[in-house]
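Since the structure comes first, as structure tokens, the remarks are kept for the end.
Here, each number is a calculation from the coordinates, and none is a lab measurement. Predicted model, so just to flag it, every value in this text is computed and none were measured. Counting neighbours? That spans all protein chains shown, and the Cβs are built from the backbone with ideal geometry, glycine included.
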Amino acid sequence: MSATRIARIWGQQIVHNTWGIVNVLDITRWRPLPVGLLPAAHPLVTGVDPASGRPIWPQNIVFATPPRPGDDPDDEIVTRVGRHLARMVRLAVPEAEWPEGRPSRMPPAINYLHAGVHYPGAWLVFSTFTEAIRHFSDPRFTDELRRLVRIERREPVTVFRERTYDHDEFAAFVAFLRTQLPWFSNSNGPGRRVLWGNPSPYAAVNTITGNWMATVRLIAAGQADRAVRPPIARGAYFQDRYAGPRDRASAVERALARATRWRIDRRGAKEGLFFIDKRLLDAGWRFIGQRLTPPDAAARQRR
């Protein structure tokens, strides 16, 4: 890939990511969203497709490589990751015992944001990072992903069957994606945080296209039912065989991963959390509704 194209993609990411940050600040600080905008039985909270009565996530797998012997079933993998994200949405739902929602590491708006990722998300499943690079380095594959995002207006989630992985290789893969796609990609997984990533049952990369904003706006407007999308039609995307020219991140991409890690290390105890001070979270502070409260406040809020 030429230096000119990489610079263009990075420029697109900066503009797009800045717009995303502005929208997050809007729903968390300028016009913060309260708890209680979704009932507990809503599909955006449960992840259950109302048309079929089944979890929505396996129905939205748009691409998967053949699994290896001993791999967990793909339906199980995406369901576990989807339920993990849905539980975060559940934190913004009041309960009899917690009328302002359960204590959370994130404000309600961030928990609602996950509804725009897990329920309408388009899932891609691979076994290894090298396998994924082999596909994403094929221009036909990235063109098809762009077509899917343009038509479906959803967030792609790339999930890996392995739960143990090399942190440097995961970081390099994410840096590789950031040279291939015009959207910011974030690395989540079950182990130690990788770059700006968060906990996840399996290694998973959320490529942030910004389509989560439409879901959150509908939730905020009291029209959450309109955000319940039907499953993506099977066989509509990724019908070719794909094989790009490489299966490893380049020197430039690995340098980007190291630079990102250096930037996070410079933040010290704040680490990779951008909108919330991780030092307070580590000290036991939690959000009760929209308020970040000290450790003893949760007990006082509980009925």
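Observations on the model:
- Cβ-defined net charge surrounding ARG263, 13 Å radius [Lys, Arg +1; Asp, Glu -1]: +3
- Using the average count of surrounding beta-carbon atoms within 10 Å as a protection proxy, the listed peptides 192-198, 16-22, 77-83 rank, highest first, as 77-83, 192-198, 16-22.
- Net length gained if the chain between ARG87 and SER127 were fully extended (0.36 nm per residue, minus Cα distance): 11.9 nm
- Per-residue [θ]222 nm for the chain (sum of -39500 (n - 2.57) over DSSP H runs n ≥ 4, rounded to 500): -12000 deg cm²/dmol
- Take every DSSP beta bridge whose two residues both sit in the range 3-301; close to 60 percent of them are antiparallel.
- Measuring nothing but how far apart in sequence close Cα pairs (under 8 Å, 6+ apart) lie, relative to its length, the chain scores a relative contact order of 23 percent.
- Dipole magnitude (debye, nearest 20) for the range 129-280, charges at Cβ of Lys, Arg, Asp, Glu: 380 debye
- Sequence ranges 243-254, 177-188, 93-104, ranked by mean other-Cβ count within 10 angstrom, highest first: 177-188, 93-104, 243-254
- Taking 0.36 nm per residue of separation and subtracting the Cα-Cα distance, full extension of the segment from ARG163 to GLN223 would add 17.9 nm.
- Separation of the ARG263 and ARG146 label points, Cα + 7 Å toward Cβ, nm: 2.3 nm
- Remark: the range 100-116, residue by residue, has Karplus-estimated 3J(HN,Hα) of 9, x, 5, x, 9, 6, 10, x, x, 4, 5, 5, 4, 3, 5, 5, x Hz, where x stands for each Gly or Pro and the curve is 6.51 cos²θ - 1.76 cosθ + 1.60 at θ = phi - 60°.
- Options THR164, ALA214, ILE27, ranked by Cα towards positive dipole end of the chain, top entry (Cβ charges): ILE27
- Cα long-axis angle, helix 167-180 against the chain (0 to 90 degrees, to the nearest 10): 80 degrees
- Cα-based shape type of the range 6-160, given that a ≥ b ≥ c are square roots of the gyration tensor eigenvalues and the cut on a/c is 1.5: oblate
- Given charges at beta-carbon only (K, R positive; D, E negative), |dipole| of the chain in Debye: 780 debye
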